Every structure is written in structure tokens, then in C-alpha cells.
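The values are calculated or read from the model by the stated rules, or taken from the named source; none is laboratory data. What you see is a predicted model; the values in this text were computed from it and never measured. Cβ: placed from backbone, ideal geometry, glycine included. Neighbour counts: every protein chain shown. Please note that ligands, DNA and RNA were not included when accessible areas were found on the heavy atoms of the full protein model with its side chains. Shrake-Rupley method; radii C 1.70, N 1.55, O 1.52, S 1.80 Å.
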Amino acid sequence: MKFLFVPLRFLISPVFIAAVDVMILFPMVLSIIDIVQSVNRHSDTHEPVTIASTIALIMIGWGVALEERAVIRRRFGVSGGPDEERQVRIDEMCHEYGVAQLVLGLFAEIAVAMISLPDRIVNTVGYEHALLTVSVILISIGAAIQLRHVFVLIATLWRRKTDREEIV
């Protein structure tokens, strides 16, 4: 039965998580650039709002997935292996980085959602670009945190490799 969960072990491995981090980073960075250019041109806000909202949603989703790595491991029976102590440290790290992505994504989404509300509910006339700027700053912080997460995951792999070499 355990062999059925071998693919799952890979999907929650530091290598796979770092790869997904990097794949998500590309659209984050491209979106940041695009939104900043739109804000600087003071162009129509419809497309930048859609872009920021979409990236914020991706941040929220990925943040939740990272945050729940430990639960996923337990639920699918891939916990309790010989490297459980290391896996728990990775769970804790993913939880912290996941919460950061989740919260930053939520607040970035709140900023752009206010623009989408009708002015009779929240009058954002003249504040659209300021709210987009807030959103893009939060997305930028999320991108920096995500990049750091990649390096921390790689360092975790590096430490594991050197620990194995010391044993031999």
C-alpha cells in the first residue's frame, strides 16, 4: 500500500515545492512589472486589477497548500519515515512561508477588490492607482518571500546531502 504514495512523496518534497515556487514566481514578477508600468502610465485600471487579483488568488492558493503540508503528509500516510524529524522541520518552514503568502495575497486582493466595488459602496475614484500600488507592493513582498523560500529549501537539500556524506 505504501508504494501507492511514492508519487505523493515527490509532490511534497522540497525539490517539487521549490520548483512550484519558481514556476509561480515568473508570473508574479511579470505581473509586478506590468502593473507598475500601468500605474506609471495612469492607464485604465481594469486589466491591472484583474492581473493583481489573479496573482493574489494564486498566492492565497499556494499559501494554503504550503501551510498544510504536514496535514497532507499525515492524511496520505507518508509521515513517520526514518527522516521524520527533517520532514517536520520542512513542514514548519512551509507552514510559515505559506501563512506569509496567504496573508499577503489576501491583503493584495482586498486592495484591488475595493477598486472593483461600485463607487456608491466604496468611492475609490482617484485612489485606484494608489490601491493598485498597495497591491503590487504586497505581491512584491510575497515574491521576495517566495524567492527566499526557494533558497531555504535548496539549503535544506544541501544540508541533507552533506549530512549523508559525513555519515559515510
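Within region 137-160, the set of residues being open to solvent by 40 Å² or more (accessible area, probe 1.4 Å), free of Cβ contacts under 8 Å to residues at least 40 places away in the same chain and of a type in the set (G, A, S) comprises just one member, A144. Residue-level check: of (1) small (G, A, S); (2) at pLDDT 95 or above; (3) more than 18 Å from M59 (Cα to Cα), A143 misses just (3).
For every residue, the table says whether it meets (1) without any contact (Cβ under 8 Å) to a residue 40 or more places away in the chain; (2) surrounded by 17 or more Cβ atoms within 10 Å (Cβ to Cβ); (3) within 18 Å of the chain's Cα centre (by Cα).
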{"position": "R74", "(1), (2), (3)": "yes, no, no"}
{"position": "E96", "(1), (2), (3)": "yes, no, yes"}
{"position": "Q101", "(1), (2), (3)": "no, yes, yes"}
{"position": "P118", "(1), (2), (3)": "yes, no, no"}
{"position": "S135", "(1), (2), (3)": "no, yes, yes"}
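Residues in region 40-80 that are within 20 Å of I24 (Cβ to Cβ) and among the basic types (K, R): 1 in all. Applying a threshold of 8 Å to beta carbon distances and a minimum spacing of six or more residues, or different chains, the list of pairs starting in region 40-56 at a residue that is within 20 Å of P118 (Cα to Cα) and part of a loop (DSSP other than H, G, I, E, B) and ending at one that is open to solvent by less than 30 Å² (accessible area, probe 1.4 Å) and not small (G, A, S) reads T45/I115; T45/L132.
Any idea which of (1) on the phi > 0 side of the Ramachandran plot; (2) surrounded by 14 or more Cβ atoms within 10 Å (Cβ to Cβ) is the one G126 doesn't satisfy? Single failed check for G126: (2). Across region 57-92, the qualifying residues are those that are of a type outside the set (S, T, N, Q) and outside any helix (DSSP H, G or I), and the one among them that is modelled with the highest pLDDT is E68.
Can you tell me which residue in region 52-63 is nearest to T156 (Cα to Cα), limited to those that are among the aliphatic types (A, V, I, L, M) and open to solvent by 60 Å² or more (accessible area, probe 1.4 Å)? Within region 52-63, the match that is nearest to T156 (Cα to Cα) is I58. Filtering I51, I72, I90, I60 for residues that are of a type in the set (V, I, T) and touching a Pro at 6+ places or on another chain (Cβ under 7 Å) leaves a single hit, I90.
Against the conditions (1) among the hydrophobic types (A, V, I, L, M, F, W, C); (2) at pLDDT below 95; (3) farther than 23 Å from I154 by Cα; (4) open to solvent by less than 80 Å² (accessible area, probe 1.4 Å), V49 satisfies every one except (2).
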